[in-house]
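**Q** Have a look at this one before I ask anything.
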Amino acid sequence: MRIRLFFYHLKIKDKIFSIMLLLLFVFCIIGVLAFQYFSKMYEDEIYKESAKTLQLTSAVLDKELQKIEQLSFQISTDNFIQNSLKSIIENPKVFETYRTKDKLIEGLVSYATQERYISSLQIIDYYNQTYIAGYNTKIKHNPEEILPLSLSREGANVWIPLENQNKLTAARIIRNKSNLSLDFLGALMITVDMDKLIHGSLKIPSDNGFVIVRDDEIVYRSDFSEFTKYTIPDVENGSGYEVMDIDGKDYLAAFQRSAFSNLTYYHFLPFDNITEQTNIIKIWMVFYLLLMIFLTIFLSRRAAGALSKPLEKLTEKMKQAQKGRIEQSDFSEEKYSNDEVGQLHKDFETMMKKINLLIKENYEKQLMIKETEYRALQAQINPHFLYNTLDSINWAAKINKQPKIYIMAEALGNMMRNIISKRAPLISVKEELQIVENYITIQKYRYNHRLHFTLNSLPDIEHYLIPKLSIQPIVENAIQHGVEVLETGCHITVSISIDDENLKIVVEDTGPGMEEATIGAIFTGKVKPKGTGIGLRNINDRIKLMFGSSYGIHMESKKSKGTKVIITLPCRME
């Protein structure tokens, strides 16, 4: 409430400035919330895309490793390799065996060159002698470690990592396939250079980390020393991602299990890479917010001043006018804008000019009114003097036994007393009918048997309120246009009833009547019959002004068949 009162008493320019600042504050809040929301959406999309990218990466690596397994199976079942190993077993010291060993190495060379990432291809024969081919022949495998692991898989391929070398070896037992004897012939080991495989098949940014894990043991990791088996997250589901802290640095870690082996792939994206763009946007957003605040304060102040200055000038003119300085010379000839404020200036000056003119005219009229009032005062008759005079006539007539005179004098006195003393615009039906009855009493002495009058009313209706002099002028109109015109006389009937929650007053006469065109002309004021047009029209206008357009006077008349005037009024009690 205090804030509303404080704002209510502010100047217009301060109100405009306050509203602009409030809107700016609201827009800033909405902008910050929207930025936070979309930043979160942006980061979530990056998380999902990182997981999808890792899925594709794992699919590519799985495909390449499957090729190595197929190559391993192909070599282990190659007829030349099988025959060479059997020959070495059967004739270990024959000269031909040396030639067989040389050809065996040549065969391994042809296989080792099939893929650029094959580091070496080795065979350990029945006598634990090693035959090696490839671009890195320095890699040596310990038969005592390889053979138990390979034998445990019963001929299937087994992947064995080389510690701290980023190399992975596919090992498989070679068994005699002739006659399905499955005798032990040797062991095959294909060593894969994971650096060449990954960098040749995938495009991983240099600042990203890529790790391959087998049974909680790191098989491969990129050049990021901070990744150890203790910092790698445990994987329960097949794939996913999480944000983790490694040595005080945040990473987005996406993981994916291999579809055909017990390998798990990890992709580590530095969180700074994700937030870098959002941080830049935050900086620009803060800059633009500060710029918008400065521009809003500056422009709103200027705009508020430009809007309020004309109003302040207009207020000053009003104060001058309030002090009485309303002469035309008080206003300078200024050019105003075409907006609402400029129009107010023009209208105010026009109003002041008209007031100045009206003051001059009113001064002249006041002089005339004073003169008129002085003359009217000289000719004014005191109503009480008139009532006393009529009362004296009444008693003089009674003393002289002149009933017509004292009845007419008494009726006239009662009639004038009701008309003059009742100053309210609405009187009761009873009071209006008393005026009508006194008027009829006087007129009957004038027209004798030519005037016949009937009143149909109920006592319950007499307390309803109607406009003063709404029935008597219509009865008077019926006498003037009926009784005076017809020598045979005229019958006038006044009926009052309640119709559809409205008060209905009907004044009907058996006079000469009139045409429809004459009725319309009476209400439009085009025709002014003797004492009728103005009276009916005035009564109709007065009723509509008091009660609304739904009420008023309606006339029905036909030539030589009389006239009916119907007054419709709302039911209002005293």
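**Q** Select from the stretch 557-574 the residues that are touching a Ser or Thr at 6+ places or on another chain (Cβ under 8 Å), modelled with pLDDT under 90 and not in a loop (DSSP other than H, G, I, E, B) and list them in ascending order.
**A** Within the stretch 557-574, SER557 is the sole residue that qualifies.
**Q** Do the conditions hold for PHE73, that is, is it under 30 Å from ILE198 (Cα atoms), open to solvent by 90 Å² or more (accessible area, probe 1.4 Å) and modelled with pLDDT of 80 or more?
**A** yes
**Q** Within the set of pairs 6+ apart or on separate chains, which have a first residue in the stretch 1-24 that is more than 15 Å from LEU299 (Cβ to Cβ) and in a helix (DSSP H, G or I), a second that is open to solvent by less than 60 Å² (accessible area, probe 1.4 Å) and at pLDDT 70 or above, and C-beta atoms under 7 Å apart?
**A** PHE7/LYS15; PHE7/SER18; ILE12/SER308; ILE12/LEU311
**Q** Sticking with this structure for a sec: Taking the stretch 202-224 as the search range and keeping residues that are in contact with a Gly (Cβ under 9 Å, 6 or more places away or on another chain) and either open to solvent by 60 Å² or more (accessible area, probe 1.4 Å) or farther than 20 Å from PRO161 by Cα (or both), which one is modelled with the highest pLDDT?
**A** If we take residues in the stretch 202-224 being in contact with a Gly (Cβ under 9 Å, 6 or more places away or on another chain) and either open to solvent by 60 Å² or more (accessible area, probe 1.4 Å) or farther than 20 Å from PRO161 by Cα (or both), then ARG221 is modelled with the highest pLDDT.
**Q** Being in contact with a strand residue (DSSP E or B) (Cβ under 6 Å, 6 or more places away or on another chain) and part of a helix (DSSP H, G or I) is the filter; apply it to the stretch 477-512 and report the residue that is surrounded by the most Cβ atoms within 10 Å (Cβ to Cβ). Explain how you work it out, then say what you get.
**A** Pass one, the stretch 477-512, residues in contact with a strand residue (DSSP E or B) (Cβ under 6 Å, 6 or more places away or on another chain): 478, 482-483, 490-497, 502-511.
If we keep only those that are part of a helix (DSSP H, G or I) as well, we get 478, 482-483.
Details: ALA478: 26, GLY482: 22, VAL483: 23.
My answer is ALA478.
**Q** Quick one: LEU151 ticks every box in (1) assigned to a strand (DSSP E or B); (2) without any contact (Cβ under 8 Å) to a residue 40 or more places away in the chain; (3) of a type in the set (A, V, I, L, M) bar one, so which box is it?
**A** (1)
**Q** Restricting to the stretch 535-555, give me the number of residues that are assigned to a strand (DSSP E or B) and either closer than 16 Å to LEU469 by Cβ or open to solvent by 80 Å² or more (accessible area, probe 1.4 Å) (or both). Steps first, answer last, please.
**A** Going residue by residue through the stretch 535-555, those that are assigned to a strand (DSSP E or B) are 552-555.
Filter again for either closer than 16 Å to LEU469 by Cβ or open to solvent by 80 Å² or more (accessible area, probe 1.4 Å) (or both), leaving 552-554.
So the answer is 3.
**Q** Separate question: Could you say which residue among ALA170, ALA156 is under 16 Å from ASN262 (Cα atoms) and part of a strand (DSSP E or B)?
**A** Step by step, each of ALA170, ALA156 is checked, and only ALA170 is under 16 Å from ASN262 (Cα atoms) and part of a strand (DSSP E or B).
**Q** Pairs needed: first member in the stretch 304-327, within 12 Å of ILE12 (Cα to Cα); second member anywhere, of a type outside the set (A, V, I, L, M) and in a helix (DSSP H, G or I); C-beta distance under 6 Å; at least 6 residues apart or different chains.
**A** Pairs that qualify, where the first residue is within 12 Å of ILE12 (Cα to Cα) and the partner is of a type outside the set (A, V, I, L, M) and in a helix (DSSP H, G or I), are ALA304/LYS13; ALA304/PHE17; GLY305/LYS13; SER308/LYS13.
**Q** Could you please give the count of residues in the stretch 439-476 that are out of contact with any His (no Cβ under 8 Å at 6 or more places or on another chain), among the β-branched types (Val, Ile, Thr) and not in a helix (DSSP H, G or I)?
**A** 2
**Q** So, ILE124, is that one assigned to a helix (DSSP H, G or I), open to solvent by less than 30 Å² (accessible area, probe 1.4 Å) and either at pLDDT 85 or above or among the aliphatic types (A, V, I, L, M) (or both) or not?
**A** Criteria not met by ILE124.
**Q** Let me ask something else. Can you tell me which of (1) outside any helix (DSSP H, G or I); (2) at pLDDT 75 or above; (3) among the polar types (S, T, N, Q) is the one SER332 doesn't meet?
**A** Evaluating SER332 over (1) outside any helix (DSSP H, G or I); (2) at pLDDT 75 or above; (3) among the polar types (S, T, N, Q) leaves (2) as the failure.
**Q** Identify the residue in the stretch 7-26 that is of a type in the set (Phe, Trp, Tyr) and within 26 Å of the chain's Cα centre (by Cα) and, among all such residues, is modelled with the lowest pLDDT.
**A** Once the filter is applied, the top-ranked residue is PHE7.
**Q** Next question. Restricting attention to the stretch 415-438, report how many residues are within 21 Å of TYR464 (Cα to Cα), in a helix (DSSP H, G or I) and not acidic (Asp, Glu). Give the steps one after another, and end with the answer.
**A** Applying the first criterion (within 21 Å of TYR464 (Cα to Cα)) to the stretch 415-438 yields 415, 417-438.
Keeping just the survivors that are in a helix (DSSP H, G or I) gives 415, 417-421, 429-438.
From what's left, not acidic (Asp, Glu): 415, 417-421, 429-430, 433-436, 438.
Residues flagged as within 21 Å of TYR464 (Cα to Cα), in a helix (DSSP H, G or I) and not acidic (Asp, Glu) within the stretch 415-438 amount to 13.
The values are calculated or read from the model by the stated rules, or taken from the named source; none is laboratory data. Remember, predicted model here, so these are calculated numbers, not experimental data. All Cβ positions, glycine included, derive from the backbone under ideal geometry; neighbour counts span all protein chains shown. Areas reflect the complete protein model, heavy atoms only, side chains present, ligands, DNA and RNA absent. Shrake-Rupley method; radii C 1.70, N 1.55, O 1.52, S 1.80 Å.
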